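Contents: one structure, followed by commentary.
The values are calculated or read from the model by the stated rules, or taken from the named source; none is laboratory data. None of these values were measured; they are calculated from a predicted model. Glycine also receives a Cβ, built like all others from the backbone with ideal geometry; neighbour counts cover every protein chain displayed.
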Amino acid sequence: MLNPINCGFIRVILLCMSNTGMKDTPAKKESIWSLPYIVLMGVNFFQSMAAFMANTTIPLFADHLGASTAFVGAVVSSFAITALLIRPFAGPAFDSFSRKRLLFIAQCIICASLVSYGVVNSLPALVAVRLLHGIGIGCAGPLGMSLVSEFLPVSRFASGISIYALAQSFAQVIGPAVGLFLVEELGFSGAYFLAAGCLLIAMCGIFAVKEPPRQKLPYEFKVSRMFAREALDKALALMLLATSFSCMTSYVVLYGYLLGIEGMGLFFTVYALCLVITRPLFGNLADRFGAPRILLIGLLFFAASYFALSRATDMPGMLVAAVLGSAGFGCCAPLIQTLGLSSVPGERRGAASNTVFTGLDLGMLFGPVIGGNVIEMLTPLMGGEIAGYSCMWIVMLIPAAGSFALVLYWNFRMGKKRRGNGHA
């Protein structure tokens with residue numbers, strides 16, 4: 001007997017196979033497009049461009065400075081320490097002060113960090129700058145998400161957030177490849193200075209946004225203002241998924257070089273180009289059928305991408321993993337963020353965004369460190385470093401399985417609610 005969840009899956013599959021461009025219902029949809037929304041997408045693009053240029057090359061920079069495999073992971077993830085420490089103070093501020101002005105300050109910190117990357121020449125100095133970078137990252141992500149949410153209609157919320165996230169996808173098309181190219185042509189300093197230039201463009205875009213009026217809560221240093229209880233399960237799901245995903249961003253380039261694969265920037269380009277297709281598609285499907293159902297599909301794609309990475313021996317194998325991964329984490333992250341934001345009223349979205357991004361930061365903190373230690377532990381057991389990496393991809397699916405269990409629960413709860421409302 002088919003239950004509501006199974007019926008939903010059948011409808012999703014039929015929609016994808018027959019007509020993903022399904023016509024709108026007679027009731028006209030509210031538009032997500034406005035000048036502030038478009039400008040904020042541009043701001044997100046240049047901010048993300050700088051992030052991908054830096055994050056792709058930081059593992060190589062740490063390796064260049066003599067870091068071990070495990071310490072590379074520690075360097076990459078160290079930003080999450082300060083990102084987490086700033087959240088208790090920043091969370092209440094997001095709902096009490098101008099989100100536009102706070103976002104500008106956060107971008108100033110990120111810009112200063114990128115310039116500093118270009119002048120450091122030791123591992124301790126690199127970690128120190130990475131910690132400074134974390135303060136900016138810890139504020140910029142949730143501020144941008146909560147600010148753009150103020151310009152979205154409720155009926156198009158999932159689509160609006162997914163399309164907003166496309167700015168990151170476009171940046172990811174060229175950011176990693178440009179970062180790796182600039183390191184080869186200009187060195188690490190030149191690459192980081194140009195990344196800082198991208199941040200300057202993003203900072204200029206902030207001035208073009210007129211922040212809409214909203215109820216501002218008084219600044220109070222208490223848990224209910226720092227975090228949103230309603231979004232805690234979404235933060236946990238994103239933390240577990242990010243723990244697995246962060247190993248891809250930290251180690252896939254080093255893994256490719258171990259396999260003798262050149263031009264690893266192509267992996268990120270293909271990954272991001274596929275995001276351009278999958279993110280709007282999954283966002284639209286989530287508006288129609290509910291984010292929890294679509295999340296199950298995305299998590300299956302994510303698992304398939306890591307199995308593909310574990311078996312890859314050449315560039316075609318890597319590109320298969322990139323395509324699957326774009327439909328995995330690329331689908332799941334914005335949908336989980338959407339669920340977190342929509343779980344609270346508008347005046348508390350800063351706290352909800354802060355909560356969900358805390359989960360993301362925790363995953364980004366733990367993942368690379370765990371992955372690096374797994375590689376070092378498995379390398380002698382498996383008879384080589386390549387085999388150690390290959391097994392690590394499979395081991396790091398364990399945290400993602402926790403996300404899958406949570407999403408299954410959300411689907412069960414959604415089905416129970418629908419039955420209670422008398423839906424078939």
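Looking only at residues in region 113-124 that are in contact with a Gly (Cβ under 8 Å, 6 or more places away or on another chain) and either within 17 Å of Gln47 (Cβ to Cβ) or part of a helix (DSSP H, G or I) (or both), the one that is modelled with the lowest pLDDT is Leu123. Residues in region 220-271 that are buried (at least 20 other Cβ atoms within 10 Å of the Cβ), basic (Lys, Arg) and farther than 24 Å from Trp410 by Cα: Arg225 only. Of the residues making up region 121-139, those that are small (Gly, Ala, Ser) and over 20 Å from the mean Cα position of the chain (by Cα) are Ser122, Ala125, Ala128. In this structure, does Val369 turn out to be outside any helix (DSSP H, G or I), in contact with a helix residue (DSSP H, G or I) (Cβ under 9 Å, 6 or more places away or on another chain) and under 23 Å from Arg87 (Cα atoms)? For Val369, the condition - outside any helix (DSSP H, G or I), in contact with a helix residue (DSSP H, G or I) (Cβ under 9 Å, 6 or more places away or on another chain) and under 23 Å from Arg87 (Cα atoms) - is not met.
Taking the criterion of being more than 13 Å from Ile86 (Cβ to Cβ) and under 18 Å from the mean Cα position of the chain (by Cα), the residues of region 97-120 that qualify are Leu103, Gln107. Restricting attention to region 31-66, and to residues there that are at pLDDT 85 or above and not in a helix (DSSP H, G or I), which single residue is surrounded by the fewest Cβ atoms within 10 Å (Cβ to Cβ)? Top of the filtered list is Gly66.
Scanning region 331-352 for residues that are farther than 26 Å from Ser149 by Cβ, in contact (Cβ under 8 Å) with a residue 24 or more places away in the chain and out of contact with any Cys (no Cβ under 8 Å at 6 or more places or on another chain) turns up nothing. Scanning region 59-75 for residues that are out of contact with any Leu (no Cβ under 9 Å at 6 or more places or on another chain) and closer than 14 Å to Asn373 by Cβ returns Ser68, Ala70, Gly73, Ala74.
Leu378 meets each of the listed conditions (1) of a type in the set (A, V, I, L, M, F, W, C); (2) closer than 19 Å to Phe301 by Cβ; (3) surrounded by fewer than 24 Cβ atoms within 10 Å (Cβ to Cβ) apart from (2). Being within 20 Å of the chain's Cα centre (by Cα) and either closer than 30 Å to Gln215 by Cα or among the polar types (S, T, N, Q) (or both), is that true of even one residue in region 384-392? So far as region 384-392 goes, no, none of its residues is within 20 Å of the chain's Cα centre (by Cα) and either closer than 30 Å to Gln215 by Cα or among the polar types (S, T, N, Q) (or both). Here Ala165 clears all of (1) small (Gly, Ala, Ser); (2) farther than 30 Å from His64 by Cα; (3) surrounded by fewer than 21 Cβ atoms within 10 Å (Cβ to Cβ) except the condition numbered (3). Applying a threshold of 7 Å to beta carbon distances and a minimum spacing of six or more residues, or different chains, the list of pairs starting in region 95-124 at a residue that is among the polar types (S, T, N, Q) and ending at one that is outside any helix (DSSP H, G or I) and surrounded by fewer than 18 Cβ atoms within 10 Å (Cβ to Cβ) reads Ser96/Lys216; Ser96/Leu217; Ser96/Pro218; Ser96/Tyr219; Ser98/Glu211.
Output yes when any residue across region 182-200 is hydroxyl-bearing (Ser, Thr, Tyr) and in a helix (DSSP H, G or I), and no when none is. Walk me through it before giving the result.
Filtering region 182-200 down to residues hydroxyl-bearing (Ser, Thr, Tyr) leaves 189, 192.
So of that shortlist, the ones also in a helix (DSSP H, G or I) come out as 189, 192.
Within region 182-200, one or more residues are hydroxyl-bearing (Ser, Thr, Tyr) and in a helix (DSSP H, G or I).
Ser159: touching a residue at least 12 places away in the same chain (Cβ under 8 Å), part of a helix (DSSP H, G or I) and more than 20 Å from Thr82 (Cβ to Cβ), yes or no? Yes: the conditions hold for Ser159. Here Leu166 fulfils each of the conditions (1) within 20 Å of the chain's Cα centre (by Cα); (2) over 23 Å from Phe329 (Cβ atoms) apart from (2). Restricting attention to region 346-367, the residues that are crowded, with 24+ Cβ neighbours inside 10 Å, modelled with pLDDT of 85 or more and more than 22 Å from Asp95 (Cα to Cα) add up to 2.
Beta carbons closer than 6 Å, at least 6 apart along the sequence or on distinct chains, pair a first residue in region 290-314 that is under 28 Å from Val253 (Cβ atoms) with a second that is of a type outside the set (A, V, I, L, M, F, W, C) and not in a helix (DSSP H, G or I) for Gly298/Gly328; Phe301/Gly328; Phe302/Gly328; Ser305/Gly328.
Yes/no per residue for (1) under 14 Å from Met396 (Cα atoms); (2) of a type outside the set (A, V, I, L, M); (3) buried (at least 24 other Cβ atoms within 10 Å of the Cβ):
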{"residue": "Asn284", "(1), (2), (3)": "no, yes, no"}
{"residue": "Gly290", "(1), (2), (3)": "no, yes, no"}
{"residue": "Leu296", "(1), (2), (3)": "no, no, no"}
{"residue": "Leu309", "(1), (2), (3)": "yes, no, yes"}
{"residue": "Asp314", "(1), (2), (3)": "no, yes, no"}
{"residue": "Ala321", "(1), (2), (3)": "no, no, yes"}
{"residue": "Leu324", "(1), (2), (3)": "no, no, no"}
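The residue list Val148, Val127 contains one member that is surrounded by fewer than 21 Cβ atoms within 10 Å (Cβ to Cβ) and modelled with pLDDT of 80 or more, which is Val127.
Name the residue that is nearest to Glu376 (Cα to Cα), counting only residues in region 211-263 that are part of a loop (DSSP other than H, G, I, E, B), without any contact (Cβ under 8 Å) to a residue 60 or more places away in the chain and not charged (D, E, K, R). Among those residues, the one meeting the criterion is Gly260. Criterion applied to Gly73, Gly8 was being at pLDDT below 85, touching a Ser or Thr at 6+ places or on another chain (Cβ under 9 Å) and in a helix (DSSP H, G or I), and the one residue passing it is Gly73.
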